[in-house]
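Colleague: Mind looking over this structure? Questions follow.
Read-outs: derived from the displayed coordinates by stated rules, not from any lab. Computed from a predicted structure; not experimentally measured. Note that we place each Cβ from the backbone using ideal geometry, even for glycine, and neighbour counts take in every protein chain shown.
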């Protein structure tokens, strides 16, 4: 872990919603927002407990391109990400927070020794109980590189770094879609 020896860094390993935390100079949350049901309260708490800056980091789309093919060409139901960075930026805006947002382009290559491993791993977001493995293979074909070491799937996506200087008072407490946690959680595309 970074800063293990640092005397001025506190790590809080707890659910943010339940954690009793005192104010700190900087409050950081990374890749944890997909599971938080009441996001509005989370953002307010982050703002209230940061003295100098709040930083949110999260990976974001696009989803691996073969899933788009499976959805649009073959009609499969796909598990798209539940929450995207822009929804958080919009919620902050509605709270009166004018956040900075920087997008970092990232790339990840998935490596598989066998075609079976590739198909199994890259069909996990198909929500249909039954699907045709040949459809998955067809959807993957344009994106796969094969060599003596196996199958390689390179996927480009982004990380969003959202940050802001805490404001003293949240201006709006009745945020239209953010107050309805169920509707906000179910926004998919």
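Colleague: Which of the residues that make up region 121-173 are part of a loop (DSSP other than H, G, I, E, B), more than 25 Å from the chain's Cα centre (by Cα) and surrounded by 15 or more Cβ atoms within 10 Å (Cβ to Cβ)?
Modeller: Within region 121-173, 131 is the sole residue that qualifies.
Colleague: Those residues that are outside any loop (DSSP other than H, G, I, E, B), over 18 Å from the mean Cα position of the chain (by Cα) and in contact (Cβ under 8 Å) with a residue 40 or more places away in the chain, I need them from region 75-108; list them, please.
Modeller: Hit for region 75-108 is 94, nothing else.
Colleague: Condition (residue is touching a residue at least 60 places away in the same chain (Cβ under 8 Å) and touching a strand residue (DSSP E or B) at 6+ places or on another chain (Cβ under 9 Å)) applied to region 112-126: is it met by at least one residue?
Modeller: If we filter region 112-126 for residues that are touching a residue at least 60 places away in the same chain (Cβ under 8 Å), which is where we start, we get 125.
Filter once more, so that each one left must be touching a strand residue (DSSP E or B) at 6+ places or on another chain (Cβ under 9 Å): 125.
Yes; the residues of region 112-126 include at least one that is touching a residue at least 60 places away in the same chain (Cβ under 8 Å) and touching a strand residue (DSSP E or B) at 6+ places or on another chain (Cβ under 9 Å).
Colleague: Turning to a different aspect of this structure: For region 28-35, indicate whether the set of residues that are in contact with a strand residue (DSSP E or B) (Cβ under 7 Å, 6 or more places away or on another chain), part of a helix (DSSP H, G or I) and without any contact (Cβ under 8 Å) to a residue 60 or more places away in the chain is non-empty.
Modeller: yes
Colleague: Looking at region 79-89, which of its residues are crowded, with 17+ Cβ neighbours inside 10 Å and over 28 Å from residue 47 (Cα atoms)?
Modeller: Answer for region 79-89, where residues must be crowded, with 17+ Cβ neighbours inside 10 Å and over 28 Å from residue 47 (Cα atoms): just 80.
Matching residues to (1) part of a loop (DSSP other than H, G, I, E, B); (2) touching a strand residue (DSSP E or B) at 6+ places or on another chain (Cβ under 9 Å); (3) exposed (fewer than 13 other Cβ atoms within 10 Å of the Cβ); (4) in contact (Cβ under 8 Å) with a residue 12 or more places away in the chain:
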{"site": "9", "(1), (2), (3), (4)": "yes, no, yes, no"}
{"site": "41", "(1), (2), (3), (4)": "no, no, no, yes"}
{"site": "52", "(1), (2), (3), (4)": "no, yes, yes, yes"}
{"site": "56", "(1), (2), (3), (4)": "no, yes, no, yes"}
{"site": "69", "(1), (2), (3), (4)": "no, no, no, yes"}
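Colleague: If you don't mind, there's one more thing I want to ask. Six or more apart or on different chains, Cβ atoms under 7 Å: show the pairs whose first residue is in region 143-157 and farther than 15 Å from residue 122 by Cβ and whose second is exposed (fewer than 14 other Cβ atoms within 10 Å of the Cβ).
Modeller: As it stands, the answer is 156/105; 156/107, since those pairs meet every condition given.
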